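Every number in this text was worked out from the coordinates using simple rules, so none of it is lab data. These figures come from a predicted structure and were not determined experimentally. Here Cβ is always computed from backbone atoms with ideal geometry, including for glycine, and neighbour counts include all displayed protein chains.
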């Protein structure tokens, strides 16, 4: 298995009232994967435990899960800042689950860790 390295920038610049200033960085992890055939029953308890555990990390914001009709899975997790993301990335139980995932569960995966440069929320009227 290859080593996984993450380079994290701790600050970004934001334009506010005509001046550039340092501001907080929300970190977004997008984890895309495909399971090997026949592993769902063993995979589910591990995935459920990781979902529960990440919520205990100081700086965890939210997580969302999606499965496409062709079987690709997408997990999106947001952290308040690079430090909280690193706490999760280095958590011993998470590292053990990653190793198990590579050895037993995943036929393929892709991870992107990004700084959220822009965010906007909208809630329409309830119908």
At each listed q (0.22, 0.24 Å⁻¹), what is the log10 of I(q)/I(0) that the Debye formula gives for region 22-116 modelled as equal alpha-carbon point scatterers?
-> -1.21, -1.39
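Can you give the FRET efficiency to the nearest 0.05 for residue 123 and residue 44, using r as the Cβ-Cβ distance and R₀ = 22 Å?
Numbers: r = 32 Å, r/R0 = 1.45.
So, using R0 = 22 Å, E works out to roughly 0.10.
Order of 79, 122, 65 from fewest to most other C-beta atoms within 10 Å? Intermediate values should be presented prior to the final figure.
Numbers: 79 27, 122 4, 65 12.
Sorted ascending by nearby Cβ count, the order is 122, 65, 79.
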Label-reachable residues, region 33-51, where backbone N falls under 19 Å from a point 7 Å from residue 107's Cα toward its Cβ | 33-44
Hey, rough spin-label estimate for residue 95 and residue 116, points 7 angstrom out along Cα→Cβ, what's it come to in nanometres?
-> 2.8
